[in-house]
Amino acid sequence: MCAAFRDNVTPMERPELLSSHALPIDVPALTAYLRNNLPEFQEPLEVQKFAGGQSNPTYKLTSGGRAFVLRKKPPGALLKTAHMVDREFKVTSGLYGSGVPVARPVLFCADTTVIGTEFFLMEYVAGRIFWDPTLPSLTAAERGPIYDEQVRVLAELHKVDYVARGLADYGKAGNYFARQIKRWTEQYVAASTEPVEAMDSLMRWLPEHMPSSDITTLVHGDYRLDNMVFHPEQPRVLAVLDWELSTLGHPLADLAYNCMPYHLAGPDRPALNELAVPGSGIPTEAEYVAAYCKHTGQTAIEHFEFYLAFSLFRYASIVQGVVKRGLSGNASSGAEAVTYRQRVIAAATKGWQLAQRA
């Protein structure tokens, strides 16, 4: 989560060998567990840790010519509702075979004595991951279809019959924003390391300006371009990744979160609002939202500034958790975690600006 790498590479193409300084796994213990619980498992087992990411440590396992991905909780004291890998496994199991592409879930292990935390395995999906939303490696003509596919899959997710997919108990229906504002306010306060005036303002403003719309769908919670594996050659999503923050909620929270790059600059790029110009191949935010409306049968979205302000507030709270874990020494990519404090300030400041505009 919250990591930025060079564009258009697969995780396998980055140097990520597991080391004693990269949240190591007890490979012999894992090998013994898989030998007894995974029928297709073949020894020897090779384990590599994916570089970057600030949430659930993620590893590539190679066994007998087959590849899997392991996701686990990070070590150390954790916030009560964070890093719930059991929920990631549940939602991908429910969605597998639906119109929403996900990696095939393989197994879940609740026994913390195996490698120290709960974990799950899913099939490794090879393809392209675009870490930079400006898509610098693509031509202008190639960029538009990537964005078209991203928004199409988001609309498909929001149209899923979550009851029919066995996910009726995956969250609470209704009153989403009130619950989320309360949750992320509490988590931000618990992880706070310094005063941020814009966050204080948002925590006061958001509960008083919630729209009356109360729709419930399945939401991803961290829907963005670098959480998708695209086909090696086609503008087609093979798998949506990182379902840690998914739940039942309001679909416009997902859409607004997905639109945050239009408002927030990255480490090496300006905000997309400055780049989405004719000839770039990148749709404007208005065009992107209009495409979502077309896919979901809506004519327009009211109060979009609220949804954006909420998403920026929520993002700032999530990143503040990264800062806190970094200071505590248990973030998945520890050395960079403390530098994320500037992202908290930037997101909160932009969120408050949008709130005032609303």
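The values are calculated or read from the model by the stated rules, or taken from the named source; none is laboratory data. Not measured: the values here are computed from a predicted model. Every residue, glycine among them, receives a Cβ derived from its backbone with ideal geometry; neighbour counts consider all protein chains shown.
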Report yes if Tyr223 is touching a helix residue (DSSP H, G or I) at 6+ places or on another chain (Cβ under 8 Å), within 30 Å of Trp352 (Cα to Cα) and aromatic (Phe, Trp, Tyr), otherwise no.
-> yes
Kindly provide the set of residues from segment 114-142 that are more than 30 Å from Gly266 (Cα to Cα) and in contact (Cβ under 8 Å) with a residue 60 or more places away in the chain, ordered by number.
-> Val114, Ile115, Gly116, Leu121
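To keep it simple, each residue is scored yes or no on (1) outside any loop (DSSP other than H, G, I, E, B); (2) at pLDDT below 95.
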site	(1), (2)
Pro235	no, no
Leu245	no, yes
Ala253	yes, no
Leu264	no, no
Asn273	yes, no
His295	yes, no
Thr299	no, yes
Here are some conditions: (1) within 30 Å of Ala51 (Cβ to Cβ); (2) in contact with a His (Cβ under 7 Å, 6 or more places away or on another chain). Thr217 meets all but one. Which one does it not meet?
-> (1)
Any chance segment 149-161 includes a residue that's free of Cβ contacts under 8 Å to residues at least 24 places away in the same chain, farther than 22 Å from Glu244 by Cβ, out of contact with any strand residue (DSSP E or B) (no Cβ under 6 Å at 6 or more places or on another chain) and surrounded by fewer than 17 Cβ atoms within 10 Å (Cβ to Cβ)?
-> yes
Which numbered condition Leu312 misses (of (1) modelled with pLDDT of 95 or more; (2) part of a helix (DSSP H, G or I); (3) out of contact with any helix residue (DSSP H, G or I) (no Cβ under 8 Å at 6 or more places or on another chain)) | (3)
For residues that are of a type in the set (A, V, I, L, M, F, W, C) and within 19 Å of the chain's Cα centre (by Cα), tally how many sit in segment 181-203.
-> 2
Criterion: assigned by TED's automatic domain parsing to the domain that holds Leu107 and farther than 28 Å from Glu287 by Cα - qualifying residue of Thr193, Thr117, Thr185 = Thr117
Candidate set: segment 41-78, residues that are modelled with pLDDT of 90 or more and among the hydroxyl-bearing types (Ser, Thr, Tyr); chosen: the one farthest from the chain's Cα centre (by Cα) | Ser63
Among the candidates Ala355, Ala271, Ala276, Ala346, residue that is crowded, with 16+ Cβ neighbours inside 10 Å and without any contact (Cβ under 8 Å) to a residue 12 or more places away in the chain = Ala271
What is the residue count in segment 162-182 for residues that are under 22 Å from Ser93 (Cβ atoms) and without any contact (Cβ under 8 Å) to a residue 40 or more places away in the chain?
-> 4
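For every residue, the table says whether it meets (1) part of a loop (DSSP other than H, G, I, E, B); (2) free of Cβ contacts under 8 Å to residues at least 24 places away in the same chain.
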site	(1), (2)
Trp184	no, no
Val189	no, yes
Trp205	no, no
Tyr223	yes, no
Pro232	yes, no
Any chance Val114 is more than 18 Å from the chain's Cα centre (by Cα), surrounded by 16 or more Cβ atoms within 10 Å (Cβ to Cβ) and β-branched (Val, Ile, Thr) = yes
